[in-house]
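Following: one structure in structure tokens, then a few remarks.
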């Protein structure tokens, strides 16, 4: 399975080059890979349906317990088939939809990267790997939403999607780490064996993981990013924002249900948020007129439904969830692609302008009607099976069955409205003029929706087909135990059927009064100004102004303020740590000082003090020279001959250097106020004191043997040198020394560049400066004369 | 700055002419004996750089530059290249990167000559240090002209 | 002796930090020189002070006889001195150029100019 994921990333890398080579057929050629992978996954069906998950593992960071391990069970297989199957059609479709787009090669790169990331996500058997792929889907989704990056709105929406999902991702990471800690393993297959609802970390990790899943799957109040993500080209919306990526959050919830599900919090949060999202989504869908917007909002509704079902956590709910998921992926993928066809072949993006295209686009009409009927849950389509199960699950659910059932039925009425919009509005009625001459698209674009819609019909007529091979195993993975239920088209005349029929009738009625309904509910337009999206915008604005404020305060551009803060912190923290030490013994000892050392000490002290107080640069340079030589003497006194020699030489050259620039520099001025000086002196003295104490403390408590003996012993036998310091420099630690001379080379190049490579406006000022210097010289010459 | 260089002292100038070759020889001596006695590439390089700086102060910038013949930045480059290249022979022999290699060449009169990658490395350091110090000093002097 | 060195290094640090807190860039430079000396001496002292036992091995011997100063600390300090010189050289030229262009060494006035 590693090869599966890697092969897609590999293809993603060469996709732009392939595009240069193959031109407009690239999409078809690229589609061969997901098609092959689809067949590979399909060949695993029988093994997995018998309850044998496929496990594979490669060590990645063995030291951290992170493995590149993959697991293929019913749930993963369901997703893997959707990703590769729909992916195949999307690639064919995109090849024609975006034909001639200058950046099509890049588009394929992003789309395939996303496919690889999504596959990796659903196949991962390790929490860390899962998270990495999770973030990769976020990043590739960002690239795809912002694909038309010349458009500022597109960029802004991509940014919004990224911010929301990344914030969720951050929470998710923390949650997953807690989960790994609680379970004692980062392997999903280990985690799933345990029920963690009683763990002390359960609540925090649940909240964090839910945050991640809810943002990714656009649950209220994070639902606003998904309709905005429709800025992406339609193939992307069809793939990422209906069938795959947005379901990653649902996947995660379904995946973790066996360990985290079943508690009161889980039940309450998921069903409440899910039901709320379901209602919000479908209500907004009933009001929108843009075709893609309507589809996006109805996707929000579907995601809410899935979350609600996972919250219920019963056997029926698990089966309903996977069935609904499959049905939704089939019809929603098809409908999105049809929305793209309408845009591409007729220039229609809005329901209000679409009417009577049936004659011009007969094949598209047929496919659209079948897919929309599945959405509406009309017998005998697969959507009907899904809806029946959904109603059954809700009815047999927990203590809130009444509320949830009411919500579901209400949502279903609106779903029927949306389905009717899609099945009737653009195709039937009076023909309106279209911006482009309308016609059926080529087979590449129609194949995807046609196959998906047909599958919806076949699965509806023969529900045992998907059930036996796939959905039962998937539901088992969600539920954690073998599932006894089964799928059937006809359950007899019962309550769910009656509710279903009722919503169908009411929905059609509502369709009749669609425009009045929109007028009636126009009040939400004003409400939405205070909605979650407005909150998001306010939050972002606040974040930016906070960043600006803290940059102004903390990074104010004055070196001394940074230094002051740093040193004050060091003094406080180190001082505090020293005060807390139990054995604070200082070894005050002056008895071992020799006369010459004491003299050097006094010389140095005088030099330091004069260097601080002296007010002439020349004087200070002389003092610094003296200081350097005195320090060199200290090195020599204490057995560091090479260091001493180096110090003397460097000191000589330093003084030389300072003298070279000396006469150019200004006289010392008194720039700071006395209060500032006092404050600085206080900090400086405190720092010095802390350092003195630190040295005394450290030298008094050396507990470990150094590594000096190693170099002393090995120098002659292995380094063939008797000057151990030099052997260390050029042999034992030669790589460090190499790095050091690279730094020196950088200094040389930097200095050279600073003086010799002058750019832009500077030559003028330099010429001016030179002129004034020349004038001064002349004046001084005159003065001397 | 030219004012300073114009104040040429005859004694310093003559003295430098005599001392300079000695200083340069001494720097080489320090470099070569560095493995066994105090010295080495850093110290040798600093001595050589100081010697050439002395020439600069005693005579003038052009003569110091002429003494070096090449631009000091080129010395930096050569030094870096030598030091970096000295890491490679170990790979040819199959040892770890940067493992020291020693070769003993028999010479008819002096006995034998010991050559090694640490020596090449140290020469690289030597040239790098000379190059850097002189680049800084020369650049500052040039900035004045 | 360690006590005396500790006091000395503390003084060096105090002086260096005080000088680096000044507004003048020239003083900052002086602070930098003091600081690099202070840091070198700090490493040197903490590694242990030994009189008269340089890490040089006698001719023909395999290793030092009877104790030696820490050669590793010395190698570290040796490179630190040279690097310190490099940084200083860079700073000196930078100061020189900055002064040439902006005609001030007051970092408050410098901040406004690009």
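Among helices (runs of 4 or more DSSP H) entirely within the range B:45-129, having at least 3 residues that are within 12 Å of chain A (Cβ to nearest Cβ) and at pLDDT 90 or above singles out B:72-85.
If you go through the range A:717-740 and keep only what is assigned to a helix (DSSP H, G or I) and surrounded by fewer than 20 Cβ atoms within 10 Å (Cβ to Cβ), you end up with A:717, A:718, A:735, A:736, A:739. Taken as a whole, the structure leaves residue A:274 outside the set of residues that are within 24 Å of residue A:368 (Cβ to Cβ), surrounded by 24 or more Cβ atoms within 10 Å (Cβ to Cβ) and modelled with pLDDT of 90 or more. When the criteria are applied in full, residue A:23 fails the requirement of being surrounded by fewer than 17 Cβ atoms within 10 Å (Cβ to Cβ) and part of a loop (DSSP other than H, G, I, E, B). Taken over the range C:100-114, the criterion of being facing chain A (nearest Cβ under 7 Å) and modelled with pLDDT of 70 or more is satisfied by C:100, C:101, C:105, C:106, C:107. Only one entry of A:136, A:144 meets the criterion of being closer than 23 Å to residue A:111 by Cβ, in contact (Cβ under 8 Å) with a residue 12 or more places away in the chain, surrounded by 21 or more Cβ atoms within 10 Å (Cβ to Cβ) and touching a helix residue (DSSP H, G or I) at 6+ places or on another chain (Cβ under 6 Å), and that entry is A:144. Look at (1) more than 30 Å from residue C:94 (Cα to Cα); (2) over 45 Å from the mean Cα position of the chain (by Cα) and you find that residue A:665 fails only one, number (1). Could you check, for the range A:580-592, whether at least one of its residues is without any contact (Cβ under 8 Å) to a residue 24 or more places away in the chain, under 26 Å from residue A:674 (Cβ atoms) and away from chain C (no Cβ under 11 Å)? Taking every residue of the range A:580-592 in turn, none turns out to be without any contact (Cβ under 8 Å) to a residue 24 or more places away in the chain, under 26 Å from residue A:674 (Cβ atoms) and away from chain C (no Cβ under 11 Å).
Scanning the range C:89-98 for residues that are without any contact (Cβ under 8 Å) to a residue 12 or more places away in the chain and within 11 Å of chain B (Cβ to nearest Cβ) turns up C:89, C:90, C:93, C:96, C:97.
If you go through the range A:605-621 and keep only what is at pLDDT 90 or above and under 58 Å from the mean Cα position of the chain (by Cα), you end up with A:605, A:607, A:608, A:609, A:610. Looking across the range B:20-44, the residues that are farther than 19 Å from residue B:100 by Cβ and at the interface with chain A (Cβ under 7 Å from one of its Cβ atoms) come down to B:38, B:43. Exactly one residue out of A:656, A:693, A:697, A:671 is surrounded by 15 or more Cβ atoms within 10 Å (Cβ to Cβ) and either facing chain C (nearest Cβ under 7 Å) or closer than 30 Å to residue C:61 by Cα (or both), and it is A:671. Applying the criterion of being assigned to a helix (DSSP H, G or I) and more than 20 Å from residue A:681 (Cβ to Cβ) to the residues of the range A:605-623, the residue that is nearest to the other protein chains (Cβ to nearest Cβ) is A:617. Would you confirm whether or not the range A:523-539 contains a residue that is more than 34 Å from the chain's Cα centre (by Cα) and assigned to a helix (DSSP H, G or I)? So far as the range A:523-539 goes, yes, one or more of its residues are more than 34 Å from the chain's Cα centre (by Cα) and assigned to a helix (DSSP H, G or I).
Of all residues in the range C:1-27 being modelled with pLDDT under 90 and more than 7 Å from chain A (Cβ to nearest Cβ), which is nearest to residue C:102 (Cα to Cα)? Checking each candidate, the answer is C:25. Applying the condition of being part of a loop (DSSP other than H, G, I, E, B) and in contact (Cβ under 8 Å) with a residue 60 or more places away in the chain to the range A:444-480 and asking which residue is surrounded by the fewest Cβ atoms within 10 Å (Cβ to Cβ) yields A:480. Counting only helices (runs of 4 or more DSSP H) that sit completely within the range A:27-139, those holding 3 or more residues that are more than 21 Å from the chain's Cα centre (by Cα) and closer than 22 Å to residue A:190 by Cβ correspond to A:74-97. Mind listing just one residue for me: the one in the range A:633-653 that is more than 9 Å from chain B (Cβ to nearest Cβ), in a helix (DSSP H, G or I) and surrounded by 22 or more Cβ atoms within 10 Å (Cβ to Cβ) and, of those, farthest from the chain's Cα centre (by Cα)? Filtering first and then ranking leaves A:634. Being more than 21 Å from residue A:566 (Cα to Cα), facing chain A (nearest Cβ under 7 Å) and either modelled with pLDDT under 90 or not in a helix (DSSP H, G or I) (or both) is a description that applies to residue C:53.
Of all residue pairs spaced 6 or more apart or on separate chains, none has beta-carbon atoms under 9 Å together with a first member in the range C:71-83 that is more than 7 Å from every other protein chain (Cβ to nearest Cβ) and more than 16 Å from residue A:732 (Cα to Cα) and a second member that is modelled with pLDDT under 90 and not in a helix (DSSP H, G or I).
Being more than 7 Å from chain A (Cβ to nearest Cβ), part of a helix (DSSP H, G or I) and surrounded by fewer than 20 Cβ atoms within 10 Å (Cβ to Cβ), is that true of even one residue in the range C:40-47? Yes, there is a match, as at least one residue in the range C:40-47 is more than 7 Å from chain A (Cβ to nearest Cβ), part of a helix (DSSP H, G or I) and surrounded by fewer than 20 Cβ atoms within 10 Å (Cβ to Cβ). Checking the stated criteria, residue A:403 turns out not to satisfy the condition of being touching a helix residue (DSSP H, G or I) at 6+ places or on another chain (Cβ under 6 Å), within 17 Å of residue A:272 (Cβ to Cβ) and at pLDDT below 90. Restricting attention to the range A:393-443, the residues that are under 24 Å from residue A:505 (Cβ atoms) and without any contact (Cβ under 8 Å) to a residue 24 or more places away in the chain total 3. When the criteria are applied in full, residue A:755 meets the requirement of being at the interface with chain B (Cβ under 7 Å from one of its Cβ atoms), in a helix (DSSP H, G or I), at pLDDT below 90 and within 23 Å of residue C:84 (Cβ to Cβ). A single member of A:602, A:572 is modelled with pLDDT of 85 or more and either under 30 Å from residue A:286 (Cβ atoms) or more than 11 Å from chain C (Cβ to nearest Cβ) (or both), and it is A:572.
The values are calculated or read from the model by the stated rules, or taken from the named source; none is laboratory data. As the structure is a computational prediction, the values presented were derived from the model and not from experiment. Don't worry about glycine lacking a Cβ; one is built from the backbone with ideal geometry, like all the others, and counts go over all protein chains shown.
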